[in-house]
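Contents: one structure, followed by commentary.
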Amino acid sequence: MQLTAIRLPSEQSVDFPRLLDRLNSVMQECSIEEACALRYWEWISIYLAGEQSDDMDCVQTYLRVRNVDILSSQKDRQAVRQFYKEYLGEESPFIGEPSVQAKAQGDFRRSMQNGLTGAVLRHLKKTADQLGETFGSVEEFRAHAMSPEALSGELAGKIMEDVSDAVITVIGTSDPLEHFLEYWSRQHVGRLYFCHPEFEAAEQQCLAFDALPIRQEEVGEALSQSDIIIVASGAEQRLAPSQTAILESIQKQRKKHQLIYNWGNLPEISAVFSRSSSIFVYNREELEEALVQARKKRQRILDRFQPRINEQVEEFFDWLYSDQRYRFHGIVGKSHQMQQVFELVERVAETDITVLIQGETGTGKELVARAIHETSQRKDGPFVTINCGAIPETLLEGELFGHEKGAFTGATSARKGLLKEAAGGTVFLDEIGDTTQMFQVKLLRALQEREVTPLGSSIPEAIDVRIIAATSKQLQEEVERGTFRSDLYYRINVVRIALPPLRERKEDILPLINHFLQKYNTKMGKQVEVISKEAAEALMAYEWKGNIRELENIMERAIALSVDHRINRDDLPVSVFQQTEPISQESTQEVRTLEEVERQYIHQLLQQSEGNYSEVAEKLGIGRTTLWRKMKKYGLEQEEN
Amino acid sequence: MAIVLALHFGSLVLYLLSFLYYWRFFVTKHSGRTATLILLAGLTVHSVMLVLYTAQRNILPLGQFALAATSFVWLFGLFYFIQEFLLREQEFGVFVTAILSIVQTISILTVDYSRPLADILQNVMFEVHVAFMLFAYASFALGFIAALMYVILFKEIQGHRFGLFYSRLPSLEFLDKLNLRSVLIGLAFLTIGIGFGMLNAGEAWGFFWEWDPKLTVVFINWVIYLVLGISHLLLNWRGQRTSLLSILGFLMVVFSFFIVTNFASTIHTF
């Protein structure tokens, strides 16, 4: 896995959605697996993750051809370090301010919503968030004002006790005018005046910032009332002599403290307000010097955190090079289908929404349900599983909704019911498609009203559980056939997580084999470390009707039977080989070389997928570059193009 | 008396320790809570000491310079503590605790618990007089600290140097208000205190006023604070000028309370 960070000039961020679209096409073109874009201070950074390093060169060429300047490009550790630094705003003047991180999170979310990100970048973001928590708790980061507007606020705070009834006048025409207006409108000051040479322009700005526009001729008057005067850049407009006179007269009577923040270096201001005991005048150079000092101080604090960042970078690479990255709460999944499932799980876990998990037997529905529970707020509550298909209806009802003593024959004592007992936790209803209509009505009522009425009782009781339902049936069809109630179907089908069968994600087989090798080695105290090539190939080609559960059983058996430290063909059950079907039915008669078979198979898949290389590569369980090499070898690429 | 001395000494140790912690807080912004708790512990030990003394001798601990000084320490510490509790501002605790420690040390070095009380001082009027004066001095001390901070911060802000004081101290306006409030309260107590003193003098000496060194200094002192109060109330003076007056006034207090009392010959016992 290669990581690359590319910095582009900030013009690229003007149309952010379009940039994300373009990123998407770059990914297609260069077979990049994951990407995200962060808008940042004076540039925009894109982060790419792909299998091969030549893919990254492809991106650079792609950008150069389209005349996009590349400011800088970093690889691997440098790229990850850059991500952390930008995510935390380290190189911006606003480092440590929560807003920087919020902005980065927003941009990342957009990349995620556009489907650009995957497990690697998501993990990168997660670790950056953790770093951010460490940083955010350091008050010293926010101890120094980093921007002109924050400095004006800091100075005001050092002079006045509170600014809630202060009068502020901002004059000027250009940057950082809006920052000043925005900053001071957020402070909820008494009054905020804004003066611009063109009154209409002032009115426009004032609408956005809840300020009062004033005309040129009223400036003197406004300034005389102001506690804080902020002169932004571009205030080269001269004050009329009469206004200067007004200022002079006020200056003499003024008893209250006054702050004059002469960022724009308006000459009359500094001339009139000489240093008196209650007026503090600051000119541009002094303010810039203060900002430089503040930045130095912050840098010193930041230097203390460098080791922590480096440590995090190393931790990230440890994670990247282990199979940890294909794991999610005990679920192993390298395929992009499974990665999407993981992403969905993380997103649904945030809320209490009902989830329907659909997947063939043995695809790990319960594991996914458990993962949702463990990722959610309810993780400290109980997780209760009930297999609806395995219990007779009446018992199931008593089990779920509870019953009173003597509600039916054999009910010798009252029972609370699982929905009630699992308060604060999650109830997982497996095989919901196997329930009767009667039960479905009651379940719907419980979900709808969030209360249950125990059998034999008439008093409904409130429940506080999250419901996750699962089925191996195609519920939509069941609804059409009338065996499953449509109202319940729509109630539980709010979010559906479809688990793909193992045969549709062959690239997960090897990671799963490794996972089970580890698991059963520990369990049985064995040291089977490898699987022979033939055995692995046989497993890759197998149909896996029983999905992962079947794979697990076969692996358990194979490890148990294995005599040396590897799994051989003989350790696998015969059925694995019998079921393996010929690759192409038409050509069973003639004997062909392996290469011929390969060529034809690739050709066939390419035609089926209409040239989607990623899809073909995934189906074949090989990398895209390998696929590309093979296509070249068999001369398939001309045909495709 | 041994217990009283031990407690006297114990409170000094706690004040010194709280000074160290307030110092640490001022520089690093850490362990501010610990500093406050230690100060509170010091005040508690000090209170027990004062109560024990009063119980044993059946007179308030005001009868000699060292005891009046320790009462001043207690009052000043209490004022500061109330201020910190109400205004949540503990940046200048370091200066307050420094003064507490110094004055308490002087008090321990000069105290003589067994010395009998002069006859003329054995009446309630005298105790009221001293109590009011100490109350006023503690108030002026708080005002002095605020004024001193004001002047330092003012110099930093106006000189465009953003140093340690700039990053630690509260706003100028806050310091200004604290100074004014403390001085005005102190002025009221000082006026009443002097009034009681004159009544006392009338009984003990037969005359109300005498241009004795001590009394003269106290008079000048009163005039300074009066000028400050009037200029603020009538002319709305504040900020720099008020702060300088407050600093001057308190320096006079120190002069009259420590120097004149101990080194000049005066008819006023202390």
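The values are calculated or read from the model by the stated rules, or taken from the named source; none is laboratory data. Source: prediction; values computed, not measured. For neighbour counting, all protein chains shown are included, and Cβ atoms are generated from backbone atoms with ideal geometry for every residue, glycine included.
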**Message:** Can you say whether B:Val103 is crowded, with 18+ Cβ neighbours inside 10 Å and free of Cβ contacts under 8 Å to residues at least 60 places away in the same chain, as far as the supplied structure shows?
**Reply:** yes
**Prompt:** Does region B:56-99 hold any residues that are touching a residue at least 60 places away in the same chain (Cβ under 8 Å) and of a type in the set (D, E, K, R), and which are they?
**Reply:** B:Glu89, B:Glu91
**Request:** For B:Leu228, state whether it is within 27 Å of B:Ile82 (Cβ to Cβ), buried (at least 20 other Cβ atoms within 10 Å of the Cβ) and in contact with a helix residue (DSSP H, G or I) (Cβ under 8 Å, 6 or more places away or on another chain).
**Result:** yes
**Of all residues making up region B:151-175, the number that are part of a helix (DSSP H, G or I), at pLDDT below 80 and within 7 Å of another protein chain (Cβ to nearest Cβ)** = 3
**Asked** Consider A:Ala294 against the criteria (1) within 12 Å of chain B (Cβ to nearest Cβ); (2) surrounded by 15 or more Cβ atoms within 10 Å (Cβ to Cβ); (3) at pLDDT below 80: it satisfies all of them except one. Which criterion is unmet?
**Response** (3)
**Message:** Exactly one of these conditions fails for A:Ala369: (1) within 30 Å of A:Val332 (Cβ to Cβ); (2) not in a helix (DSSP H, G or I). Give me its number.
**Reply:** (2)
**Scope region A:447-478; condition aliphatic (A, V, I, L, M) and either modelled with pLDDT of 90 or more or on the phi > 0 side of the Ramachandran plot (or both); matching residues** = A:Val465, A:Ile467, A:Ile468, A:Ala469, A:Ala470
**Asked** Assuming A:His144 fulfils every condition listed in (1) at pLDDT below 80; (2) within 14 Å of chain B (Cβ to nearest Cβ); (3) over 30 Å from A:Val292 (Cα atoms) apart from one, which condition is it?
**Response** (3)
**Asked** Quick one: A:Gln339 ticks every box in (1) assigned to a loop (DSSP other than H, G, I, E, B); (2) out of contact with any strand residue (DSSP E or B) (no Cβ under 6 Å at 6 or more places or on another chain) bar one, so which box is it?
**Response** (1)
**Request:** Could you check how many residues of region B:58-115 are part of a loop (DSSP other than H, G, I, E, B), closer than 18 Å to B:Ile145 by Cα and of a type outside the set (S, T, N, Q)?
**Result:** 4
**Message:** Take residues that are modelled with pLDDT of 75 or more and tell me which of the helices (runs of 4 or more DSSP H) falling wholly in region A:579-641 contain 3 or more.
**Reply:** A:594-608, A:613-620, A:624-633
**Item:** Residue in region A:483-491 that is in contact with an Asp or Glu (Cβ under 7 Å, 6 or more places away or on another chain) and either modelled with pLDDT of 90 or more or not assigned by TED's automatic domain parsing to the domain that holds A:Gln604 (or both) present
**Value:** yes
**Asked** Quick check: anything in region B:180-195 in contact with a helix residue (DSSP H, G or I) (Cβ under 9 Å, 6 or more places away or on another chain), buried (at least 16 other Cβ atoms within 10 Å of the Cβ), within 14 Å of chain A (Cβ to nearest Cβ) and basic (Lys, Arg)?
**Response** no
**Message:** Within region B:199-209, does at least one residue satisfy the condition of being touching a His at 6+ places or on another chain (Cβ under 9 Å), surrounded by fewer than 18 Cβ atoms within 10 Å (Cβ to Cβ), more than 10 Å from every other protein chain (Cβ to nearest Cβ) and more than 29 Å from B:Thr97 (Cβ to Cβ)?
**Reply:** yes
**Complete:** Note: among A:Phe83, A:Phe108, just one is under 24 Å from A:Glu315 (Cα atoms), in contact with a Cys (Cβ under 7 Å, 6 or more places away or on another chain), aromatic (Phe, Trp, Tyr) and buried (at least 16 other Cβ atoms within 10 Å of the Cβ), namely A:Phe108
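Going through region A:153-187 one residue at a time, which ones are of a type in the set (Gly, Ala, Ser), part of a helix (DSSP H, G or I) and either within 14 Å of chain B (Cβ to nearest Cβ) or free of Cβ contacts under 8 Å to residues at least 12 places away in the same chain (or both)?
A:Gly153, A:Ala156, A:Gly157
Residues are listed down the side, and each one gets a yes or a no for (1) at pLDDT 85 or above; (2) within 22 Å of the chain's Cα centre (by Cα); (3) in a helix (DSSP H, G or I):
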position	(1), (2), (3)
B:Leu190	yes, yes, yes
B:Ile194	yes, yes, yes
B:Gly197	yes, yes, yes
B:Ala201	no, no, yes
B:Phe208	no, no, no
B:Asn221	yes, yes, yes
B:Leu226	yes, yes, yes
B:Ser243	yes, yes, yes
B:Phe250	yes, yes, yes
**Message:** Consider region A:240-290. How many of its residues are in a helix (DSSP H, G or I), within 14 Å of chain B (Cβ to nearest Cβ) and at pLDDT 65 or above?
**Reply:** 8
**Request:** Test B:Arg24 against the criterion of being over 21 Å from the mean Cα position of the chain (by Cα), at pLDDT below 90, crowded, with 16+ Cβ neighbours inside 10 Å and of a type in the set (Lys, Arg), and give yes or no.
**Result:** yes
**Item:** Count of region A:147-183 residues which are at pLDDT 80 or above, of a type in the set (Gly, Ala, Ser) and farther than 20 Å from B:Arg168 by Cα
**Value:** 2
**Asked** So, in region A:408-421, of the ones that are of a type outside the set (A, V, I, L, M) and more than 40 Å from the chain's Cα centre (by Cα), which residue ends up surrounded by the most Cβ atoms within 10 Å (Cβ to Cβ)?
**Response** A:Arg415
**Message:** Being more than 39 Å from the chain's Cα centre (by Cα), of a type in the set (A, V, I, L, M), within 20 Å of A:Val452 (Cβ to Cβ) and assigned to a helix (DSSP H, G or I) narrows it down to one residue among A:Leu395, A:Leu400; which is it?
**Reply:** A:Leu395
**Complete:** The correct count of residues that are in contact with a helix residue (DSSP H, G or I) (Cβ under 7 Å, 6 or more places away or on another chain) and either surrounded by 17 or more Cβ atoms within 10 Å (Cβ to Cβ) or not basic (Lys, Arg) (or both) in region A:359-407 is 26
**Prompt:** Is at least one residue of region A:345-354 assigned to a strand (DSSP E or B), aliphatic (A, V, I, L, M), surrounded by 16 or more Cβ atoms within 10 Å (Cβ to Cβ) and assigned by TED's automatic domain parsing to the domain that holds A:Val441?
**Reply:** no
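Counting only residues that are small (Gly, Ala, Ser) and surrounded by 19 or more Cβ atoms within 10 Å (Cβ to Cβ), how many does region B:30-44 have? Spell out how you get there, then give the answer.
Our first condition is that a residue be small (Gly, Ala, Ser); within region B:30-44, this holds for B:31-32, B:35, B:41-42.
Within this subset, residues satisfying the condition of being surrounded by 19 or more Cβ atoms within 10 Å (Cβ to Cβ) are B:35, B:42.
Going through region B:30-44 one residue at a time, the tally reaches 2.
Each row is one residue, and each column tells you yes or no for (1) part of a helix (DSSP H, G or I); (2) assigned by TED's automatic domain parsing to the domain that holds A:Ala349; (3) closer than 27 Å to A:Ile432 by Cα.
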| site | (1), (2), (3) |
| --- | --- |
| A:Glu478 | yes, yes, yes |
| A:Val528 | no, no, no |
| A:Glu534 | yes, no, no |
| A:Glu537 | yes, no, no |
| A:Asn553 | yes, no, yes |
| A:Asp564 | no, no, no |
